[in-house]
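The values are calculated or read from the model by the stated rules, or taken from the named source; none is laboratory data. Just so it is clear, the model here is predicted, and its values are computed rather than measured. Here the Cβ is made from the backbone with ideal geometry for all residues, glycine too, and neighbour counts use every protein chain on show. For the accessible areas, the whole protein counts, side chains as well, though only heavy atoms, and no ligand, DNA or RNA atoms are used. Shrake-Rupley method; radii C 1.70, N 1.55, O 1.52, S 1.80 Å.
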Amino acid sequence: MIKAPRGTSDILPAASSQWQELEGRLRKLCTAYGYGELRTPIFEATELFARGVGEGTDIVDKEMYTFTDRGGRSLTLRPEGTAPVVRAFLEHKLNQSLPARFFYLGPMFRYERPQAGRMRQFHQFGIELFGAPGPLADVEVIELAWTAYRELGISDLEIKLNSLGCEECRAAYRQELKRRLAPRLSELCGHCQGRYERNPLRILDCKSPQCQGALTELPELSTYLCPECKEHFQQVKEGLSALGIPAVEDPQLVRGFDYYTRTVFEIVAEGLGAQDAVGGGGRYNNLVQDLGGPSVPAVGFAAGIERILLVLEKYGIKLKEEDKPFIYLAPLGKEALLYLFKTGTQLRRQGIPVYLPLEEKSLKAQMKAADRCGASWTLIVGEEELKSGQALLKNMVLGSQQQIQTAKIVEAIAELYREEGSRK
Ligand code: HAM
């Protein structure tokens, strides 16, 4: 038997309705904040991520699904959404009116070791805000993220916040880091020994226990911030606190991408285990320029949809009840089967969810099936009912029954459906 590839999963109809509801709510929230949906391709030129996310990051070095197409181009299934949005922003000259706000929803791919909450194909919801250098843009992005979780009913959250400074602050820190790590170079893992020259800041992001041991007692990047970066960070914190959004400073937070400057943040949920980050983001003032565009500062955030759904499940929150048919049509005999098939089709064309049997079955089997599918009503039509022009309509909740004229059957059921809708 062929199975779904490791680290991927099928989303079955019962779960799909939760996904649709979640996506719908996120879209609505983004629209209220003035963010427009941007859909980028699932694969991009490999160079976009090598240059955007950064050589030396775990994502680029170890986790990309890269392949050569039949035309000899190197392509990569997108591991994240920021670099593609920047590419589209430049390609379509979306910098005419700034600030510009975009959101996206869709699958991402990383060759990671699968475990609970960590997949190889997963889905992200993300936002990117271009052309706003001030601290309030960072606050807007963090606030939108915070509100998104809160509106879903997730409240046990922590926001971890740090500033990675600008290129100047980092140059000084990089030098100090190399000086401190030089005597301990042999203690680092093989990958980090390579990073030491190429991209030493990435060593701080290494998860191997070997490196964790060598990374103690290092100075914190925050102590190297220039006055402008310090001021920006201070104002982000003040903005968050003015909105009543709790954020905890975490000097160890470095994030796994090279594009960040100044603010970085991660949102973690209580009780999710090792993979507890439900979202993360930060400012990236140089990425647009690094990818060949003008100097446009930007800030953004992305959340893992599967992780949000895991938290909701843990809280016992169902965003939407499962879809059920409104009415179960139970024909008795061949003539009634075709008659109800026609009736059911007319109802479906009006948008009324109908369970329509495709074969003849006994009344007992049909009543059992009607019960199981959760329909509000069952309509029974046999040869006799067709002759008398009176069908039997059963209320599945109350157990009561009534006669209904077959001549006006579609109108009568449509009326019941409207009544039920107005009661909800
Ligand atoms: P990220 O922290 O790599 O950031 O991913 C954002 C979120 O995606 C994570 O917090 C997590 O919830 C989810 N996620 C990541 N990897 C996996 C996985 N393997 N399985 C399941 N969920 C996962 C970014 O991707 C940046 N592009 C965010 C950003 C936007 N920064 C600025 N703008």
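Miscellaneous remarks
- Boolean, Gly7 is small (Gly, Ala, Ser) and within 15 Å of the ligand (Cβ to nearest atom): yes
- Within segment 61-81, being in contact (Cβ under 8 Å) with a residue 60 or more places away in the chain and open to solvent by less than 10 Å² (accessible area, probe 1.4 Å) holds for Glu80, Gly81.
- Any hit, segment 152-170, residues being among the hydroxyl-bearing types (Ser, Thr, Tyr) and assigned to a helix (DSSP H, G or I): no
- Yes/no for Arg202 being modelled with pLDDT under 90, touching a Ser or Thr at 6+ places or on another chain (Cβ under 7 Å) and either surrounded by 12 or more Cβ atoms within 10 Å (Cβ to Cβ) or part of a helix (DSSP H, G or I) (or both): yes
- Leading residue by the ranking (surrounded by the fewest Cβ atoms within 10 Å (Cβ to Cβ)) among those in segment 98-126 that are among the charged types (D, E, K, R) and not in a strand (DSSP E or B): Arg113
- Residues that are over 19 Å from Phe257 (Cα atoms) and within 15 Å of the ligand (Cβ to nearest atom), drawn from segment 276-332: Ile305, Glu306, Arg307, Ile308, Leu309, Leu310, Val311, Leu312, Glu313, Lys314
- Restricting segment 257-274 to residues that are closer than 20 Å to Val60 by Cα and near the ligand (Cβ under 9 Å from one of its atoms) leaves a set whose member that is surrounded by the fewest Cβ atoms within 10 Å (Cβ to Cβ) is Val264.
- Lys237, sole failed condition from (1) of a type outside the set (A, V, I, L, M); (2) more than 16 Å from the ligand (Cβ to nearest atom); (3) not in a helix (DSSP H, G or I): (3)
- Of the set (1) within 30 Å of Glu313 (Cβ to Cβ); (2) within 12 Å of the ligand (Cβ to nearest atom); (3) touching a helix residue (DSSP H, G or I) at 6+ places or on another chain (Cβ under 8 Å), all apply to Thr57 but (1).
- Failed item, numbered, when Leu22 is tested on (1) under 15 Å from the mean Cα position of the chain (by Cα); (2) more than 30 Å from Pro99 (Cα to Cα): (2)
- Of all residues in segment 22-60 being without any contact (Cβ under 8 Å) to a residue 24 or more places away in the chain and among the β-branched types (Val, Ile, Thr), the one that is farthest from Pro107 (Cα to Cα): Thr31
- The helices (runs of 4 or more DSSP H) falling completely within segment 360-424 that include 2 or more residues that are free of Cβ contacts under 8 Å to residues at least 24 places away in the same chain and farther than 21 Å from Arg349 by Cα map to 363-373, 383-388.
- Complete set of residues in segment 127-151 that are assigned to a helix (DSSP H, G or I) and either near the ligand (Cβ under 9 Å from one of its atoms) or open to solvent by 30 Å² or more (accessible area, probe 1.4 Å) (or both): Leu136, Glu140, Val141, Glu143, Arg150, Glu151
- Test: residue in segment 289-305 that is over 19 Å from the mean Cα position of the chain (by Cα) and β-branched (Val, Ile, Thr): yes
- Taking segment 226-256 as the range and being at pLDDT 95 or above and open to solvent by less than 20 Å² (accessible area, probe 1.4 Å) as the test, the residues that pass are Cys229, His232, Phe233, Val236, Gly239, Leu240, Ile245.
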